[in-house]
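Input: a single structure, listed below in structure tokens.
The values are calculated or read from the model by the stated rules, or taken from the named source; none is laboratory data. Small disclaimer: the values here were computed from a predicted structure and weren't measured. Don't worry about glycine lacking a Cβ; one is built from the backbone with ideal geometry, like all the others, and counts go over all protein chains shown. Quick note on the areas: whole protein, heavy atoms, side chains included, nothing else; ligands and nucleic acids left out. Shrake-Rupley method; radii C 1.70, N 1.55, O 1.52, S 1.80 Å.
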Amino acid sequence: MSETRKGVLIYGETTEGKLAAIATELLGAGRKLADELHEELTAVIIGADTSAAAQEAIGYGADKVYTVDNAALSEYQSELYLSALDKAVQLVQPAVILFGQTVPGIDLAPRLAFRFKTGLSMDCIDLAIDAASRRLLQTKPVYGGNANAIFVTAVDPQVATVRCKAMAPREFDGARKGEVVKLAVTIDTAAVKTKVLQRVAEKVEGIKLEDAKVIIAGGRGMAGPDGFKQLDELAQLMHGAVGASRPACDSGWIPSTTQVGLTGKIVAPDLYIAVAISGSSQHMSGCSGSKKIVAINKDPEANIFKEAAFGVVGDWKKILPAFKTKVKELISQ
Amino acid sequence: MNIIVCVKQILDPEAPPASFKIDPATNSVIPPAGIAPVISPFDEQAVEAALKIKDAQGGKVTVISLGTNLLRDVVKKPLSMGADELILLEDPAFGGGDSWSTAQALAMAIRKIGSYDMIICGRQAADWDAGQVGLGIAEIIDLPAVITARKITAVPGKATVEKVVSNGYEVIETSLPVLVTVSNEIGEPRYPTIKGIMAAKKKEPVVWKAADIGMTPDKVGAAGRQVKLLKLFQPQRDGKCEIISGDTPEEAAVKLAQRLREAKVF
């Protein structure tokens, strides 16, 4: 099979008709792999109107973009998207397929791989082509981030999902040329077994967590919802957003959409202030890409101090108000 | 409502990070001394989700676990929580498998069970964090699937699942049978009751070997893998944290703000 399958295909996830950040990251990673293989980089984009996103994908490095346009595909639906993708993969016959480790990515990738009778690696943080075998080396964190594993598969297509913010996009080049191929796929909405009745967006005020340059995150040691108000005040002062560890979310102190970690959001701000967070591997999986981590924790042995650039050992209740006052003063200077 | 739940016995993910050790010669994790394995936390939450449906609708919850050296005290926990039956796919031949070979075996066992309305799995096991087995089973058996559930309710013939997405959740209605994977947002699993523990003690699990589910040795465990592990290693951390101290916590806080400003961090 590996003789007939060629090239790298990425799944081009979109938000509101534009390429999602993860898709630009996949194009960056995919371009490098395709160049190494001296093969094509293609993208598949599924939606109601994909023309703008298709041009974007070319500017970010795709040689060819396959689009599936249908009014019924305006929003993600597992079965319809999987069937469109299945058709695209049959046509393109890629050797490598990359998805984002996002909700659509973790839904589509395993089913697609099993359908094509191949194995896959989820949540990869590094991808490379082995010089001798020309196979894809898939590096992913395992054991909650305590270890990394490098996997390889013998069967094509080689499928992987890639962690958000783990790969860099190329600089956008609006003059880059590429081909857009519209695929005619029959979309049978009547055959759908899982119907989306409602989409409930939890209201987020201010800056989105994934986009924030500064994140103030609270953990189990916050011991209740009240402390998060203080974190929010500090976040507003520093033009940042509030995040949380899983125990804080599971306790209901703060909405689960703020969860940072292996099964929550992956963030990479310039500054990540971890307040009363012990720093489990699962949590660090979500924030270890931050430029500077600051830890405030009363336990000097807490794992977070192994990951942080700056730390204060002590009770956040005493530290936070004084910190906030001083930050305010320094910002106003 | 007949529900099948797949659970995995794993090394305790809550074990202290310092106890985590790798044997580079075998590319495997050395089980930490004195720390018992557990059911993967998302899988315990899958059991909880099944029991909630049983509480509301009645029916039967069957738990399947695949592995080698399955400790009865560990894998019987779902029974003590209230599950009705435990099937163990326990055979040395299952050792060293990946998501592919595991999903194939679980799908065969589910086919052998025959009748069910729903299959529930955790979103990923907290050891390899692969996150594929649930959807793999759905693909093999050709079932619809909903991932990352935070709530499942079911009535005869259909279920409603709240699926966690990045900015909130979706309410999805699905026909049955369906496969659902659960996320931590579904809530804490219940504690076993004394009555439950006593009942679980008396219940013996059904044990199926590879041949019992119609699988040949070349299709299971290490022999049936699709994905080859080349290397397992612990990432290096530089671990240079500059600790800012002061005579009082307030003083330390002020110095931290000054230091961060100096370093142009904000």
Residue check, residue A:253 against (1) open to solvent by 30 Å² or more (accessible area, probe 1.4 Å); (2) at pLDDT 95 or above; (3) under 14 Å from the mean Cα position of the chain (by Cα), all met but one. Which one?
(3)
Please count how many residues of segment B:246-256 are within 7 Å of another protein chain (Cβ to nearest Cβ) and surrounded by fewer than 16 Cβ atoms within 10 Å (Cβ to Cβ).
0
Residues of segment B:185-214 that turn out to be touching a Leu at 6+ places or on another chain (Cβ under 6 Å) and either acidic (Asp, Glu) or open to solvent by 100 Å² or more (accessible area, probe 1.4 Å) (or both), as a count
0
Restricted to segment B:220-240 and to residues being modelled with pLDDT under 95 and touching a helix residue (DSSP H, G or I) at 6+ places or on another chain (Cβ under 7 Å), the residue least open to solvent (accessible area, probe 1.4 Å) is B:239
The one condition in (1) within 17 Å of the chain's Cα centre (by Cα); (2) touching a residue at least 40 places away in the same chain (Cβ under 8 Å); (3) crowded, with 18+ Cβ neighbours inside 10 Å that residue A:14 fails to fulfil:
(2)
Of these, A:128, A:175, which one is under 20 Å from the mean Cα position of the chain (by Cα) and either assigned to a loop (DSSP other than H, G, I, E, B) or at pLDDT 95 or above (or both)?
A:128
Might you check whether a residue that is touching an Asp or Glu at 6+ places or on another chain (Cβ under 6 Å), within 26 Å of residue B:240 (Cβ to Cβ) and surrounded by 21 or more Cβ atoms within 10 Å (Cβ to Cβ) occurs anywhere in segment A:237-249?
no
Can you report the number of residues in segment A:269-298 which are open to solvent by 10 Å² or more (accessible area, probe 1.4 Å), more than 19 Å from the chain's Cα centre (by Cα) and at the interface with chain B (Cβ under 8 Å from one of its Cβ atoms)?
2
Residue A:286 in contact with a Phe, Trp or Tyr (Cβ under 8 Å, 6 or more places away or on another chain), outside any loop (DSSP other than H, G, I, E, B), at negative phi and free of Cβ contacts under 8 Å to residues at least 60 places away in the same chain
no
Working only within segment B:224-245, note down all residues that are more than 7 Å from chain A (Cβ to nearest Cβ) and either in contact (Cβ under 8 Å) with a residue 12 or more places away in the chain or closer than 18 Å to residue A:281 by Cβ (or both).
B:224, B:225, B:236, B:238
Quick check on my filter: what residues within segment A:212-233 are open to solvent by 70 Å² or more (accessible area, probe 1.4 Å) and part of a loop (DSSP other than H, G, I, E, B)?
A:213, A:223
Restricting the search to segment B:206-220, which residues are away from chain A (no Cβ under 13 Å), assigned to a helix (DSSP H, G or I) and out of contact with any Pro (no Cβ under 8 Å at 6 or more places or on another chain)?
B:211, B:212, B:213, B:217, B:218
Show the residue pairs meeting these rules: Cβ distance below 7 Å; 6+ apart or different chains; first residue within segment B:40-55 and under 16 Å from residue B:12 (Cβ atoms) and among the hydroxyl-bearing types (Ser, Thr, Tyr); second residue open to solvent by 30 Å² or more (accessible area, probe 1.4 Å) and not in a helix (DSSP H, G or I).
B:40/B:8
Could you tell me whether segment A:299-320 includes any residue that is surrounded by fewer than 18 Cβ atoms within 10 Å (Cβ to Cβ), closer than 25 Å to residue A:123 by Cβ, within 8 Å of chain B (Cβ to nearest Cβ) and modelled with pLDDT of 95 or more?
no
Could you check segment A:257-268 and list, in sequence order, the residues that are more than 8 Å from chain B (Cβ to nearest Cβ) and under 24 Å from residue B:18 (Cβ atoms)?
A:260, A:261
Which one is farthest from residue A:242 (Cα to Cα), of the residues in segment A:182-221 that are touching a Leu at 6+ places or on another chain (Cβ under 8 Å) and of a type in the set (Gly, Ala, Ser)?
A:218
Pairs where the first residue, in segment B:79-94, is over 17 Å from residue B:59 (Cβ atoms) and the second is surrounded by fewer than 20 Cβ atoms within 10 Å (Cβ to Cβ) and small (Gly, Ala, Ser), C-beta under 7 Å, 6+ apart
B:80/B:196
Residue B:169 passes all but one of (1) of a type in the set (Ser, Thr, Tyr); (2) free of Cβ contacts under 8 Å to residues at least 40 places away in the same chain; (3) surrounded by fewer than 20 Cβ atoms within 10 Å (Cβ to Cβ); which number fails?
(3)
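Output the residues belonging to segment A:256-265 that are open to solvent by 10 Å² or more (accessible area, probe 1.4 Å) and either modelled with pLDDT of 95 or more or closer than 17 Å to residue A:216 by Cβ (or both).
Result: A:257, A:258, A:264, A:265.
I'd like the full set of residues that are open to solvent by less than 10 Å² (accessible area, probe 1.4 Å) and either touching a His at 6+ places or on another chain (Cβ under 7 Å) or within 12 Å of another protein chain (Cβ to nearest Cβ) (or both), limited to segment A:154-173.
Once the filter is applied, which keeps residues that are open to solvent by less than 10 Å² (accessible area, probe 1.4 Å) and either touching a His at 6+ places or on another chain (Cβ under 7 Å) or within 12 Å of another protein chain (Cβ to nearest Cβ) (or both), segment A:154-173 yields A:156, A:157, A:158, A:159, A:160, A:161.
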Take the conditions farther than 30 Å from residue B:92 by Cβ, open to solvent by less than 70 Å² (accessible area, probe 1.4 Å), within 14 Å of chain A (Cβ to nearest Cβ) and free of Cβ contacts under 8 Å to residues at least 12 places away in the same chain and apply them to residue B:162. Does it pass?
no
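Yes/no per residue for (1) part of a strand (DSSP E or B); (2) touching a helix residue (DSSP H, G or I) at 6+ places or on another chain (Cβ under 7 Å); (3) at pLDDT below 95:
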position: A:156; (1), (2), (3): no, no, no
position: A:160; (1), (2), (3): yes, no, no
position: A:167; (1), (2), (3): no, yes, no
position: A:181; (1), (2), (3): yes, no, no
position: A:187; (1), (2), (3): no, yes, yes
position: A:196; (1), (2), (3): yes, no, no
position: A:210; (1), (2), (3): no, no, yes
Looking only at segment A:94-153, and only at residues there that are more than 9 Å from chain B (Cβ to nearest Cβ), among the β-branched types (Val, Ile, Thr) and in contact (Cβ under 8 Å) with a residue 60 or more places away in the chain, the one that is surrounded by the fewest Cβ atoms within 10 Å (Cβ to Cβ):
A:129
Scanning segment B:191-218 for residues that are in contact with a Lys or Arg (Cβ under 9 Å, 6 or more places away or on another chain) and among the basic types (Lys, Arg), which turns out nearest to residue B:109 (Cα to Cα)?
B:203
